[in-house]
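Worksheet: one structure, shown below.
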Amino acid sequence: MNISNSIVEKAADATAKMTPNSVVRRVRGLSDRAIAWLFIAPAIVLLLAINIFPLIWAIYLSFTNYRANRPNAAVEGVGLRNYERVLTDPDVWQAMQTTAHFVFWTIVLQTVIGFTLAYLIDRKFRGHAFWTTIILIPMMLSPAVVGNFWRFLYEPQIGLFAYAVSWLSGIPTSDIRMLGDVSLAPWAIIIVDTWMWTPYVMLICLAGLRSIPDYIYEAAEVDRASAWRQFWSITVPMALPFIMLAILFRGIENFKMFDMVTLLTGGGPGSVTEVASITLKRAAFESWATGRASAFAIVLFVAVFGLANIYVKALNKVKQR
Amino acid sequence: MQKKSKALLGLASALMLSSALPNLAKADELTLCWAAWDPANALVELSKDFSAKTGTTMKFEFVPWTSYADRFLNELNSHGKLCDLIIGDSQWIGGSAENGHYVKLNDFFDKEGIKMDDFVPATVVGYSEWPKNTPNYWALPAMGDVVGWTYRKDWFERPELKKEFKEKYGWDLAAPKTYDQLKQIAEFFQKREIDGKTVYGASIYTERGSEGITMGATNVLYDWGFQYDNPKKPYEMEGFVNSPDAVKGLEFYKSLYDCCTPPGSSNVYMVESADAFKSGQVAMQMNFAFTWPGLYKDEKVGGDRIGFFPNPAEKAHFAQLGGQGISVVSYSDKKDGALQYIKWFAQPDVQAKWWELGGFSCLNSVVNAPGFAGSQPYAQAFLDSMAIVKDFWAEPSYASLLQAMQKRVHNYVVAGNGTAQEALDGLVKDWTQVFEDDGKI
């Protein structure tokens, strides 16, 4: 303790000696509040430049006919026409439905499986640390690697997934076309996302379970509460804020799902896996309809922001119970 | 103190000088941007002659096909200086010309005596001209390419298969001349066991994300009578894009997909199609001609085992154009050097060597030379194919037009939603909207 203190003091002395007198004089004249602003200012400037300015710029562009690939063309205001086009476009609504389908099912599966795994890991059985590490591996991989890896697994002729399903069900491997079949392709993506991100949900749930004090369970034991009763009356309610936090994070992330879908199906077959982010990317960076794409981005932003806000309020209520 | 200052000044000067030296050396350096594929490697080899002759170092920026358009169109739209020369896709010509990305080459061609009549006419229209069929040149035809077919000649020549085929269909098993024949062959080979392995009929383009299924479907649709618009009234698409013949063509493409492709062929483009052929999965393969030299050299399926044929005919006879022209990027600081490269590249002897190395020259003196057809096993098929080419829209909004077709066609052919008539009617609607947005109708 003393040694570290003396190191800090020496470092402070050295820094003070090295600071030019002109700077020392200026800093001495500043109030604590001014110094606080001085430290915060770079972060605020960065935030304004990287987050706020592009957002304001996108809002402006959403009311124009601007196309990024025609920088020399006159930019004209179009009022609410871009928003009208976006909100009446059947493709946009189909993409939103597809996205909602993904978000719903990935959240349901990841929450149920993630919480179950966390509950089992929390039992601290022999080798639980090893299994925790194994379960976490998919989450550590790059989505690009995961996408390509699963594309091969789903391959009807050589893929392990088709082989395993065929072995279990007796259906010929050539008929198990996970990525080419309209009804299976959305599930193919849901399976991959669940495989990759369930460990993340598990980690958050595990943190929740570990935060429950042991004495509550001891008191329940004294009251002769059954294991089932303890689970529903103590474990689930006390872990609920953590579960809801995991749902919030995964919901926002999956609303933006892009890389996995692009790698696995490219939005196909047809448009059954074309999620909102792919439609947006196509409008913005392939069609270069920058104004319309900006309007679409704003609509998405408002939808996510609005839903997240409602959800956070619900989360706070749960925490306050 | 003064000595110290002088020493520091000297050090700083030396550092500045040393950092400036590489810039001086880079003045004679040109960057050429293209897709990362076999012909690009041939161009690297070819360009060594240019460097030896002029002392200009050639740098290459090659991007995989999957991100080629995204990467370089972003570069052009942001007025980037990365590329001095670019070999841009044929569809980019309209947008690149109208948005000022490419240098107009008419004056340069006139000054240097480069005549567009010296190049295969279809490639001049496809790769160089905007507006189409007008003498406004934005590129020099660089890499001729077209969708054609390869087949397993060794399987076709097996006596027992020939006999069985003749008995079943009543004609000799050989490279098909019509689509009916192509489908019969594909059906014949579908799920057949050859050398202890299950094989399939044909690999065709079905890719959803970029342009794959459009390149494949149009290749077939043209032959049934599909037209982009009324030849007498531009942008009038009703009755041309969705004509009864076009509908039949699209129905045929779907039937070919359903009957005769390997399982899991829902997202196939150039690489996947070549892989299906190389791995001995399919009897026939639809692919751009650029893949042919590599496949011919392949140890397992190349040499005597492979044959080549142009797109079969039906009511009409066309093939989907691929390929690119080479352009000078208007944002480059080295436009003069880039023009010198084009001047060098246009020379007949350089073009002849380009063909030898694996590039597909578009120069008449090369492709019409007496020995050309016999110079490579695929040369005749290439010549025949280039004689029947037709290209997708090259409008500035080609990407929106392409996206619409990708969606409509994939929805019908692969996903099996709706009918061919509905798909093409929807396409007319989408394309009309794009041209209305552009103020063209």
_Just to verify a result, which residue in the stretch B:207-225, among those that are within 14 Å of chain A (Cβ to nearest Cβ) and open to solvent by 10 Å² or more (accessible area, probe 1.4 Å), is farthest from residue A:273 (Cα to Cα)?_
B:211
_Cβ-Cβ under 9 Å, sequence separation 6+ or interchain: first residue in the stretch A:141-157 and open to solvent by less than 50 Å² (accessible area, probe 1.4 Å), partner among the aromatic types (Phe, Trp, Tyr). Which pairs?_
A:143/A:258; A:146/A:195; A:150/A:161; A:150/A:195; A:153/A:161; A:154/A:161
*asked:* For the stretch A:106-135, give me each residue that is within 15 Å of residue A:249 (Cα to Cα) and surrounded by fewer than 13 Cβ atoms within 10 Å (Cβ to Cβ).
replied: none
*Which members of the stretch A:249-281 meet the condition of being within 10 Å of chain B (Cβ to nearest Cβ) and charged (D, E, K, R)?*
A:274, A:281
*For residue B:228, indicate whether it is more than 14 Å from chain A (Cβ to nearest Cβ) and of a type in the set (Ser, Thr, Tyr).*
yes
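When the stretch B:98-129 is examined, which residues are found to be within 12 Å of chain A (Cβ to nearest Cβ) and not in a loop (DSSP other than H, G, I, E, B)?
Going through the stretch B:98-129, the residues within 12 Å of chain A (Cβ to nearest Cβ) turn out to be B:98-101.
B:98 - this is the single residue of the stretch B:98-129 that is within 12 Å of chain A (Cβ to nearest Cβ) and not in a loop (DSSP other than H, G, I, E, B).
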*Which number in (1) open to solvent by less than 50 Å² (accessible area, probe 1.4 Å); (2) within 14 Å of another protein chain (Cβ to nearest Cβ) marks the one condition that residue A:213 misses?*
(2)
*Among the residues of the stretch B:278-301, how many are over 19 Å from the mean Cα position of the chain (by Cα) and farther than 29 Å from residue B:225 by Cβ?*
9
*With a cut-off of at least 3 residues that are under 30 Å from residue A:286 (Cβ atoms), name the helices (runs of 4 or more DSSP H) lying wholly within the stretch A:1-78.*
A:53-61
*Considering the stretch B:73-86 alone, what residues qualify as being hydrophobic (A, V, I, L, M, F, W, C) and within 12 Å of chain A (Cβ to nearest Cβ)?*
B:73, B:76
*Can you tell me which residue in the stretch B:125-153 is most open to solvent (accessible area, probe 1.4 Å), limited to those that are under 13 Å from residue B:394 (Cβ atoms) and among the aliphatic types (A, V, I, L, M)?*
B:125
*Would you be able to tell me the number of residues in the stretch A:248-276 that are within 16 Å of residue B:407 (Cβ to Cβ) and free of Cβ contacts under 8 Å to residues at least 60 places away in the same chain?*
2
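Return the total of residues in the stretch A:267-321 being among the basic types (Lys, Arg) and either buried (at least 21 other Cβ atoms within 10 Å of the Cβ) or under 23 Å from residue A:192 (Cα atoms) (or both). Even if it seems obvious, please write down each step before you answer.
Initially, the stretch A:267-321 is screened for residues among the basic types (Lys, Arg), giving A:281-282, A:292, A:313, A:317, A:319, A:321.
Then keep just the ones that are either buried (at least 21 other Cβ atoms within 10 Å of the Cβ) or under 23 Å from residue A:192 (Cα atoms) (or both); that gives A:281-282, A:292.
Number satisfying all stated conditions: 3.
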_Pairs, first closer than 24 Å to residue B:271 by Cβ and small (Gly, Ala, Ser) in the stretch B:28-47, second open to solvent by less than 10 Å² (accessible area, probe 1.4 Å) and assigned to a helix (DSSP H, G or I), C-beta under 6 Å, six or more apart_ = B:35/B:68
*Of B:246, B:276, B:202, which residue is within 14 Å of chain A (Cβ to nearest Cβ) and at pLDDT 95 or above?*
B:276
*asked:* On the basis of being away from chain B (no Cβ under 14 Å) and in contact with a Gly (Cβ under 7 Å, 6 or more places away or on another chain), does residue A:145 make the cut?
replied: no
*asked:* With the requirement that a residue be in contact with a Gly (Cβ under 7 Å, 6 or more places away or on another chain), closer than 21 Å to residue B:243 by Cβ, within 14 Å of chain A (Cβ to nearest Cβ) and in a loop (DSSP other than H, G, I, E, B), what does the stretch B:365-416 give you?
replied: B:395
_Residue check, residue A:165 modelled with pLDDT under 95 and exposed (fewer than 14 other Cβ atoms within 10 Å of the Cβ)_ = no
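Evaluate the following for residue A:82: is it within 14 Å of chain B (Cβ to nearest Cβ), in contact with a helix residue (DSSP H, G or I) (Cβ under 6 Å, 6 or more places away or on another chain) and modelled with pLDDT under 90?
Working: within 14 Å of chain B (Cβ to nearest Cβ): yes; in contact with a helix residue (DSSP H, G or I) (Cβ under 6 Å, 6 or more places away or on another chain): yes; modelled with pLDDT under 90: no.
Answer is no for this residue.
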*Please specify each residue of the stretch B:249-271 satisfying the condition of being part of a helix (DSSP H, G or I), at pLDDT below 95 and within 13 Å of chain A (Cβ to nearest Cβ).*
B:271
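Restricting to the stretch A:282-296, name every residue that is among the polar types (S, T, N, Q) and more than 7 Å from chain B (Cβ to nearest Cβ).
Residues of the stretch A:282-296 that are among the polar types (S, T, N, Q), as a first pass: A:287, A:290, A:294.
Residues satisfying the conditions are A:290, A:294.
Can you find a residue in the stretch B:185-194 that is over 25 Å from residue B:254 (Cβ atoms) and modelled with pLDDT of 95 or more?
Within the stretch B:185-194, one or more residues are over 25 Å from residue B:254 (Cβ atoms) and modelled with pLDDT of 95 or more.
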*asked:* Let me spell it out: the conditions are (1) farther than 30 Å from residue B:260 by Cβ; (2) in contact (Cβ under 8 Å) with a residue 60 or more places away in the chain, and residue B:391 meets all of them except one. Which number is the exception?
replied: (1)
*Give the residues of the stretch A:63-79 that are open to solvent by 40 Å² or more (accessible area, probe 1.4 Å) and within 14 Å of chain B (Cβ to nearest Cβ), sorted by residue number.*
A:65, A:66, A:67, A:70, A:71, A:72, A:73, A:74, A:76
*Consider residue B:89 against the criteria (1) in contact (Cβ under 8 Å) with a residue 60 or more places away in the chain; (2) open to solvent by 30 Å² or more (accessible area, probe 1.4 Å); (3) among the charged types (D, E, K, R); (4) within 14 Å of another protein chain (Cβ to nearest Cβ): it satisfies all of them except one. Which criterion is unmet?*
(2)
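Any chance the stretch B:360-373 includes a residue that's farther than 17 Å from residue B:122 by Cβ and of a type outside the set (A, V, I, L, M)?
Taking the stretch B:360-373 and keeping what is farther than 17 Å from residue B:122 by Cβ, we get B:369-371, B:373.
Filter again for of a type outside the set (A, V, I, L, M), leaving B:370-371.
Checking the stretch B:360-373: at least one residue is farther than 17 Å from residue B:122 by Cβ and of a type outside the set (A, V, I, L, M).
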_the stretch B:37-56, residues that are surrounded by 15 or more Cβ atoms within 10 Å (Cβ to Cβ) and more than 21 Å from residue B:355 (Cα to Cα)_ = B:54, B:56
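The values are calculated or read from the model by the stated rules, or taken from the named source; none is laboratory data. Values in this document were obtained by computation on a predicted structure and should not be read as measured data. Cβ: placed from backbone, ideal geometry, glycine included. Neighbour counts: every protein chain shown. Side chains included, ligands, DNA and RNA excluded: accessible areas come from the protein's heavy atoms. Shrake-Rupley method; radii C 1.70, N 1.55, O 1.52, S 1.80 Å.
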